[in-house]
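Bear in mind these aren't lab numbers, they're just calculated from the coordinates by the rules spelled out. This structure is a prediction, so every number in the text was calculated from the model and none was measured. Cβ atoms come from the backbone with ideal geometry, glycine included; neighbour counts cover every protein chain shown.
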Amino acid sequence: MSTTELSDLIRNIPDFPEPGIQFKDITTLLNNGVAFKQTIDLLVTRYAERKLDAIVGVESRGFIFSAPLAYALGVGLVPVRKAGKLPAATYQVEYELEYGSNKLEIHRDALQPGARVLLVDDLLATGGTIGAACKLVEQVGGVVEELAFLIELTFLNGRDNLSRYPIYTIVQY
């Protein structure tokens, strides 16, 4: 299955969650076992030889891809969650979305200083969410090696807002 075929399995939901937003629904890709496996295999192949200490998954759809990737690579999984969801002491950052604002948190003891990490999320839009996650990783002493996404919405220029980080995407619109 090619990346073109993977993109065919991602459906558009118009005006969700707000009017004017074209939501990329990945559930149609996820419920196709071959496509989901291929997506994880692409990530594993890309990162298998990297010297990563942890995979950082961004809530919530980023967990879908980061957990099997961390498992396959034999490295730890660090969740970045919305405010109030992590039980121990956290760092917090507020950020802007394409349709609002939010807060993310990471445990203060999530990473060892100098830990080399890959951040994983499902979608790169404006870069606000992943940019906030990068700030949190750096705040706890981690080093961002790369950012990985299933989807990139190129017309929103999120890559421009993250120019100091290498970025890998599987499907671009």
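A few points about this structure:
- Residue check for Thr129: surrounded by fewer than 20 Cβ atoms within 10 Å (Cβ to Cβ) and not small (Gly, Ala, Ser): no
- For Asp122, the test of being under 16 Å from the mean Cα position of the chain (by Cα), touching a residue at least 12 places away in the same chain (Cβ under 8 Å) and within 30 Å of Asp8 (Cα to Cα) is passed.
- All conditions but one from (1) buried (at least 18 other Cβ atoms within 10 Å of the Cβ); (2) outside any strand (DSSP E or B); (3) out of contact with any Gly (no Cβ under 6 Å at 6 or more places or on another chain); (4) not hydrophobic (A, V, I, L, M, F, W, C) apply to Ser66; the one that does not is (3).
- Some residue of the stretch 159-167 being under 22 Å from Pro19 (Cβ atoms) and surrounded by 14 or more Cβ atoms within 10 Å (Cβ to Cβ): no
- Picking from residues in the stretch 132-158 that are touching a Lys or Arg at 6+ places or on another chain (Cβ under 6 Å) and of a type in the set (Val, Ile, Thr), the one that is surrounded by the fewest Cβ atoms within 10 Å (Cβ to Cβ) is Val143.
- If you filter the stretch 1-46 down to residues that are in a loop (DSSP other than H, G, I, E, B) and under 18 Å from the mean Cα position of the chain (by Cα), you find that the one that is nearest to Ser66 (Cα to Cα) is Ile26.
- Residue within the stretch 82-105 that is touching a helix residue (DSSP H, G or I) at 6+ places or on another chain (Cβ under 9 Å), closer than 21 Å to Asn161 by Cα, of a type outside the set (A, V, I, L, M, F, W, C) and surrounded by fewer than 13 Cβ atoms within 10 Å (Cβ to Cβ) present: yes
- Verdict on Glu49 being assigned to a loop (DSSP other than H, G, I, E, B), loosely packed, with under 14 Cβ neighbours inside 10 Å, touching a residue at least 12 places away in the same chain (Cβ under 8 Å) and at negative phi: no
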